[in-house]
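See below for the structure under consideration.
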Amino acid sequence: MRVVTLASSSSGNATLVCAGETAVLVDAGLSARILTARLRQAGMETEKLAGIVLTHEHTDHSCGAAALARQCNVPLYGDRRTLDAVTRSSIARMPDGGTEDARPLVLEPRPAGTSWQIGALRVTSFPVPHDAVAPCGYLLGTDAWQACIVTDCGEITETIFTHLRQAQVIILEANHDREQLLRGPYSPSLKKRILSPTGHLANDQTAEALWNLLDDAPRWVWLAHLSRTNNTPSLARDAVVTRLGARRLRSARLDVLPPGFGLAWDSAELLAGGRR
Ligand SMILES: [Zn+2]
Ligand SMILES: [Zn+2]
C-alpha cells in the first residue's frame, strides 16, 4: 500500500492512496491540471485512477474534482449531499451554465458511516463535525495496512478516535495555533467559526488526540491542513512533541505536511527495510 500527499493546507488538499493496482484520490482541492501534474510526480498516470473520494464540498477539497473525474472518466464517491453540492458548483462554473457538451459525471453516493470496496482498497467513511453538508473522514486500506484521513474537523469524537486507532498512517489536521489565530488578521466571525466545534482542529486539540491515541504500535503521523496565516510547521510540531513527550512518541514517527507535494509512505519499504 502507498500513500502520497499531493497538497495539504487551507488552500488545497489531495491525497493519493494506492493498494495493488488500485489508486484513488481522496479530495481534489486543486485544479485538474495541477492535480494531473502532481499525480505524475507521484508516479501515477491519471488513466490508472479508479475514483475520487470526497470528504466535503469546501473548495479547498473539491474544486478540481468534477473536472478531473470527467477527464479520467472515473466516479466521484462521497455522501450524496456532498456530491450534490460539488456538482452544483461545478455546473455553475461552466461557461454556459452546464449545457456545454461534457462527459457525464459518474456519481457513486456512499452515506457517511459506510464501507465499500474500490478494487483492492477497502474504503470506510465516518462523520466528522465540520460546517459542511455531510463532512467525512476516511479509513482506507487492505487486510494488512490502513491509512486514516481526518482534516476539517472541529473536535475529535469517539467515532473519529476509533477509526484513527486502526491506522498505521494517520493524516490528522493541525490547523491553527489558538494564540496566533486570535491575534491574527481574520474577522471576529471567521475566528469564531474556526474555533467552534464544527470548525478546525487547533494544535493543542490535535496534540491531545495523539496523546490519547499513540501507544506501542508503530505509526506515522502526518500533521495536515496547516493554516498559512494562523500556524507554522514548528508551532504545530512543538505543540505535539511538548504534549506527548519522548515516551509517547517512542513508536511513532511525526512529520508536518508541506502545503504542496508532500510525503510518501510505502508499505513495501517497511517490509524491505524495517520500520522508518
Ligand atoms: Zn479544508
Ligand atoms: Zn472545510
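Nothing in this text is a laboratory measurement; each read-out follows from the coordinates by a stated rule. Predicted, not measured: the structure shown is a model, and the values here were computed from it. Using ideal geometry, Cβ is built from the backbone for each residue, glycine included, and neighbour counts are taken over all protein chains shown.
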### Query
Counting each DSSP H run of 4 or more residues in the chain as -39500 (n - 2.57), what helix-only mean residue ellipticity at 222 nm follows after dividing by all residues, to the nearest 500 deg cm²/dmol?
-9500 deg cm²/dmol
### Message
Could you tell me the relative contact order of the chain? Use alpha-carbon pairs under 8 Å, at least six residues apart, and round to a whole percent.
### Response
18 percent
### Query
Using the per-residue mean of other Cβ atoms lying within 10 Å as a proxy for protection, in what order, highest first, do the peptides 5-11, 170-176 fall?
170-176, 5-11
#### Entry: Equivalent-ellipsoid semi-axes of the range 169-252, from the Cα gyration tensor, Å, largest first
25, 12, 10
### Ordering of 59-65, 131-137 by packing [mean C-beta count within 10 Å, highest first]
59-65, 131-137
### Task
Would you work out if the range 1-131 is rounded, prolate or oblate? Take a ≥ b ≥ c from the square roots of the eigenvalues of the alpha-carbon gyration tensor; rounded if a/c is under 1.5, else prolate when a/b is larger than b/c, oblate otherwise.
rounded
### Task
Within 10 Å, count the other beta carbons around each residue, average over each peptide in 33-45, 195-207, and list them highest first.
195-207, 33-45
### Task
For a footprinting-style exposure proxy, rank V240, V169, V123 by other Cβ within 10 Å, fewest first.
V123, V169, V240
